[in-house]
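The values are calculated or read from the model by the stated rules, or taken from the named source; none is laboratory data. Keep in mind that what you see is a predicted model, and the values were worked out from it rather than measured. Note that each Cβ is placed from the backbone with ideal geometry, even for glycine, and that neighbours are counted across all protein chains shown.
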Amino acid sequence: MTARRFRPPNDRFRMKSAVAVFAIAFMLSTPVLAQVQAKSAWVRETVGAQKTTGAYLEITSAQGGKLVGVESASAGMAEVHEMRMDGNVMRMRAVPRLDLPAGKTVQLKPGGYHIMLIGLKQALKKGDTVPLTLRIENQDRSVTTVEVGAEVRDATAAH
């Protein structure tokens with residue numbers, strides 16, 4: 001029996017290994033990105049010196065999760081809010097998280113859940129696009145982000 005001599009891996013082997021590891025990591029991360037879809041995003045245009053406005057959209061999470069935060073480069077602060085009737089008074093309050101049931105579309109719309117953009121950095125005009133970054137907590141407690149471009153619509157837009 002002859003002893004084999006150990007040979008260190010060559011550069012070609014290292015490159016193939018690195019490509020394989022990258023490909024596997026990419027394939028594993030891609031389904032996570034596709035788990036949450038945001039569509040039909042829009043923002044009300046502002047008038048005069050108005051510094052706040054609402055943003056609205058539809059969110060669908062394939063696996064379920066929670067909307068736990070929002071950011072926008074167009075505003076100093078963004079929060080998820082809820083509007084609801086309390087007796088004969090419409091009340092609005094910030095909510096720390098919004099449940100996204102698996103496979104169901106959650107609508108953020110006027111008069112219900114929505115995103116408040118507070119401390120706008122400039123006036124928003126019809127036709128502009130406002131960037132939104134949604135932070136989604138997945139079932140495994142990991143947090144992913146979803147980038148959305150929200151179209152600015154007329155100030156009187158209802159939906």
Suppose we filter LEU117, LEU67 for residues that are out of contact with any helix residue (DSSP H, G or I) (no Cβ under 7 Å at 6 or more places or on another chain), closer than 17 Å to LYS51 by Cα and either in contact (Cβ under 8 Å) with a residue 40 or more places away in the chain or among the hydroxyl-bearing types (Ser, Thr, Tyr) (or both); which single one remains?
LEU117
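Results for (1) among the β-branched types (Val, Ile, Thr); (2) touching a strand residue (DSSP E or B) at 6+ places or on another chain (Cβ under 7 Å); (3) part of a loop (DSSP other than H, G, I, E, B); (4) on the phi > 0 side of the Ramachandran plot, shown as yes or no for each residue.
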{"residue": "GLN107", "(1), (2), (3), (4)": "no, yes, no, no"}
{"residue": "ILE115", "(1), (2), (3), (4)": "yes, yes, no, no"}
{"residue": "GLY119", "(1), (2), (3), (4)": "no, yes, no, yes"}
{"residue": "THR133", "(1), (2), (3), (4)": "yes, yes, no, no"}
{"residue": "ILE136", "(1), (2), (3), (4)": "yes, yes, no, no"}
{"residue": "GLY149", "(1), (2), (3), (4)": "no, yes, no, no"}
{"residue": "THR156", "(1), (2), (3), (4)": "yes, no, yes, no"}
Can you name every residue in the range 87-102 that is modelled with pLDDT under 95 and either at positive phi or crowded, with 17+ Cβ neighbours inside 10 Å (or both)?
GLY87
Name the residue, out of VAL95, VAL89, that is under 22 Å from GLN139 (Cα atoms) and hydrophobic (A, V, I, L, M, F, W, C).
VAL95
I'm trying to understand the selection: among the residues of the range 138-147, which are among the charged types (D, E, K, R) and either surrounded by 15 or more Cβ atoms within 10 Å (Cβ to Cβ) or touching a strand residue (DSSP E or B) at 6+ places or on another chain (Cβ under 7 Å) (or both)?
GLU147
Among what's in the range 51-69 and is surrounded by 19 or more Cβ atoms within 10 Å (Cβ to Cβ) and β-branched (Val, Ile, Thr), pick the residue that is nearest to the chain's Cα centre (by Cα).
ILE59
Just wondering, is there one or more residues in the range 85-102 that are in a strand (DSSP E or B) and in contact with a Phe, Trp or Tyr (Cβ under 7 Å, 6 or more places away or on another chain)?
yes
